[in-house]
Amino acid sequence: MKHLTREQVGQFHSEGYISPLTAMPEAEARAFRDRLEASERESGPLRIGKYGSKSHLLFTWVDEITRNRRLLDAVEDLIGEDILIYTLTLWIKGAKDGAFVDWHQDASYFGLEPKEQVTAWVALSESSEQSGCVRVIPRSHLGGVYRHSIREGTSNHMLPRRQAVDTEVDEASAVRMPLKPGQFSLHHTLAIHGSEPNLSDDRRIGVGISYIPTRVRFTGKARLTGMLVRGTDRYGHFDHERAPVANCAPDQVAYHAQVMKNYFDSKKDLRLADAE
Ligand SMILES: O=C(O)CCC(=O)C(=O)O
């Protein structure tokens, strides 16, 4: 064990999540936030589906976060030492902007087998009950993949496809995962989770990193890419992504656009129940 206790690993398997864990001191997280805000001044809003997705290909500060030793040690304790990033999302809610995330499972639109993906959600600002921290339904990862459908008329839904789980969610059983800047939570790919709007006066900023062991494969037709962040890849199910050497270098921006198109196109041949 490199970071987690046996009890924490046990909790992940029985409950579907662990929180809070610490990746870095608060001051370091604030410095990352400063770099994020400098990138926003240069490149505009970091929107999901654009620069806010797979941002580890565009920004050196995101690449650095994904390779944080304590973060990877915790992930390694769950999935082993050969680790790829499958995707990454910057979850940014403005103060009182109404944005929320409906109940969903990550596995429902990832198209991965076996279902061993783990999401690490790293806070770069205070993620509290008031600012709309991530909520999870304990043990919901034990029920397999649920049907999802598109919620029309919900423009504040942060997921690009606005999907939500069709099953009745017992909200009373939901557990909030509040985090200080520099802390992170881990949730299972099948755990039903979501978050409420940010009612605080500050932005709520999190980096959601989807880590997979190299043995996992994509079940759709396309050949996808992943970033090897620890260990070796003895399977070759994914082409390895190229890390940025500067923020938004033109060739890397073009590379990101091509990777993103391939990623989103690849989901089109997955069944609706599983995907969008
Ligand atoms: O940031 C949020 O509120 C939702 C995060 C989420 O859905 C995820 O990390 O998978």
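The values are calculated or read from the model by the stated rules, or taken from the named source; none is laboratory data. The model shown is predicted, which means the values in this text are computed figures rather than measured ones. Using ideal geometry, Cβ is built from the backbone for each residue, glycine included, and neighbour counts are taken over all protein chains shown. For accessibility, only protein heavy atoms count, side chains too; no ligands or nucleic acids. Shrake-Rupley method; radii C 1.70, N 1.55, O 1.52, S 1.80 Å.
Some notes on this structure:
- Once the stretch 205-217 is narrowed to residues that are in contact with an Asp or Glu (Cβ under 8 Å, 6 or more places away or on another chain) and closer than 24 Å to residue 148 by Cβ, the residue that is nearest to the ligand (Cβ to nearest atom) is 210.
- Test: residue in the stretch 110-123 that is part of a strand (DSSP E or B), more than 15 Å from the ligand (Cβ to nearest atom) and in contact with an Asp or Glu (Cβ under 9 Å, 6 or more places away or on another chain): no
Let's see how each residue does on (1) modelled with pLDDT of 95 or more; (2) surrounded by 19 or more Cβ atoms within 10 Å (Cβ to Cβ):
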position: 113; (1), (2): yes, no
position: 122; (1), (2): yes, yes
position: 134; (1), (2): yes, yes
position: 148; (1), (2): no, yes
position: 166; (1), (2): no, no
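- Inspection of the stretch 174-189 finds no residue satisfying the criterion of being open to solvent by 60 Å² or more (accessible area, probe 1.4 Å), in a strand (DSSP E or B) and away from the ligand (no atom under 16 Å from the Cβ).
- The stretch 16-28, subset of a type outside the set (Gly, Ala, Ser) and out of contact with any strand residue (DSSP E or B) (no Cβ under 8 Å at 6 or more places or on another chain), residue least open to solvent (accessible area, probe 1.4 Å): 24
- Going through (1) out of contact with any Lys or Arg (no Cβ under 6 Å at 6 or more places or on another chain); (2) farther than 18 Å from residue 30 by Cα one by one, residue 63 falls short only on (2).
- From the list 57, 90, the one residue that fits, being open to solvent by less than 10 Å² (accessible area, probe 1.4 Å), on the phi < 0 side of the Ramachandran plot and within 12 Å of the chain's Cα centre (by Cα), is 90.
- Filtering the stretch 56-101 to residues that are assigned to a loop (DSSP other than H, G, I, E, B) and hydrophobic (A, V, I, L, M, F, W, C) leaves 58, 59, 95, 99.
- Pairs where the first residue, in the stretch 260-271, is small (Gly, Ala, Ser) and the second is open to solvent by less than 60 Å² (accessible area, probe 1.4 Å) and not in a helix (DSSP H, G or I), C-beta under 9 Å, 6+ apart: 266/111; 266/218; 266/220; 266/222; 266/224
- Among the candidates 76, 42, residue that is under 30 Å from residue 114 (Cβ atoms), of a type in the set (Asp, Glu) and surrounded by fewer than 23 Cβ atoms within 10 Å (Cβ to Cβ): 76
- Per the conditions (1) out of contact with any Gly (no Cβ under 9 Å at 6 or more places or on another chain); (2) surrounded by fewer than 21 Cβ atoms within 10 Å (Cβ to Cβ), the sole criterion not satisfied by residue 215 is (1).
- For residue 97, the conditions (1) within 22 Å of residue 4 (Cα to Cα); (2) out of contact with any strand residue (DSSP E or B) (no Cβ under 9 Å at 6 or more places or on another chain) are fulfilled apart from (1).
- Considering (1) in contact with a Lys or Arg (Cβ under 6 Å, 6 or more places away or on another chain); (2) within 14 Å of the ligand (Cβ to nearest atom), the lone condition that residue 166 does not fulfil carries the number (2).
- In the stretch 50-60, the count of residues that are farther than 28 Å from residue 115 by Cα, in contact (Cβ under 8 Å) with a residue 60 or more places away in the chain and touching a Gly at 6+ places or on another chain (Cβ under 7 Å) is zero.
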